[in-house]
1. Once R0 is set to 41 Å, what does the formula 1/(1 + (r/R0)^6) return for the Cβ-Cβ distance between residue 164 and residue 286, expressed as a FRET efficiency to the nearest 0.05?
2. Could you give the length gained by full extension between residue 130 and residue 210, i.e. 0.36 nm per residue of separation minus their alpha carbon distance, to one decimal place?
3. Determine the gain in length on full extension of the stretch residue 190-residue 302; use 0.36 nm per residue of separation and subtract their C-alpha separation, reporting nm with one decimal.
4. Between residue 181 and residue 156, what length comes free when the chain is fully extended (0.36 nm per residue of separation minus the Cα-Cα distance, one decimal in nm)?
5. If you take every residue apart from residue 130 with its C-beta less than 12 Å away from the C-beta of residue 130, what net charge results, scoring Lys and Arg +1 and Asp and Glu -1?
6. With each label point set 7 Å from Cα along the Cα-Cβ vector, what nm distance links residue 141 and residue 120?
7. Report the Cα-based extents of segment 80-220 along its three principal axes, largest first, to the nearest Å.
8. Under 5 Å between amide hydrogens, which residues at least 5 positions from residue 147 or on another chain qualify, with H placed 1.01 Å from N in the peptide plane?
Amino acid sequence: MPLAVIPAGAGIRFFPRLLFLCVLCALCREIFSTNLDSLRQQLRNLQIRPKKRLGQHFVIDARVLSRIVESAELRPDDIVVEIGAGNGGLTGPLSQKAKKVYALEIDSRLVPILRAQFDNDERVEIVPGDALQFDYPGLHRRWGQPLKVVANLPYEISTPILFLFFDARECFSLLVLMLQKEVARRLVAAPGSKEYGPLSVWARLYTETRLLFPVSPQSFHPEPKVASAVVRLDMLPQPRIAVSDPECLRKVIQSAFTYRRKTLGNALRLGEFSRYSAGEIQEGLRRAGIDPRVRGEKLSLEEFNKAALSLSSFS
């Protein structure tokens, strides 16, 4: 195979660009290493070890933190809730953009450190406690405007807190969340895909969801065993479709995915509609224009709602 011919002088023009890229890569590696060493030393000085049971993985990549803040498109009048403030790596950049940041932290060892760090910043309030127990509606009423949540969520609470946000959706305008990549993909999954599940359906009903960018394990200390991703969920002013019986819709969705390998008719019979005969369930589904032999994982949000509307007389 003949060698490519490089025009005269091309190497001279190319060398400065190559040198610039090499210097840039070296600088990024140095910054990354410095951030990691700084965090390790900070935790060592404070005699703090990250707790596995709390899902503590501190972000050490400043570029990732910057992209998270940029993704929230914060305005000077925004009220932000940060979940899992950790060492304050995200809290500081958020406070520079928003009117107020409520930094939630469940680890009692980190709370006094955060308070000392932001003692002179009136825009930051450190809130000790469990994010699953926090009074989001109360904070919403206090400020009279929807809240924005920006967080590196502990993986252990990601699914329950997402459902909490959906239930209290009137309190929020926007969620920008670092999640386990698997959970992030569930939020944007399409019907029929292996990631499609209850989270996919409820996110579709209440939000406009976008998968923004992946985050490697090397961006954390300690490194998690799984990849992560950042997602943005914009709360819709109204649910995407009108739902006349939310509780029946919940039962249909729950049954369909609890027994996702069964046909929808059988899944409902095994699940939340066990008091009713197979014939009654099949008839209800046919009235909705849905084949009882289809698997629930194939249904769209709109089809789930049609099934629930037809079956609501059973619930």
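Laboratory data are not the source of any read-out in this text; all were calculated from the coordinates shown. As the structure is a computational prediction, the values presented were derived from the model and not from experiment. Positions of Cβ are generated from backbone atoms using ideal geometry, with glycine treated the same way; all protein chains shown enter the neighbour counts.
1. 0.70
2. Full extension from residue 130 to residue 210 adds 26.1 nm.
3. 39.0 nm
4. Contour length minus Cα-Cα distance gives 7.7 nm.
5. Working: positive: none; negative: 105, 107, 135, 156.
For residues surrounding residue 130, the net value is -4.
6. 3.7
7. 52, 39, 25
8. 172, 173
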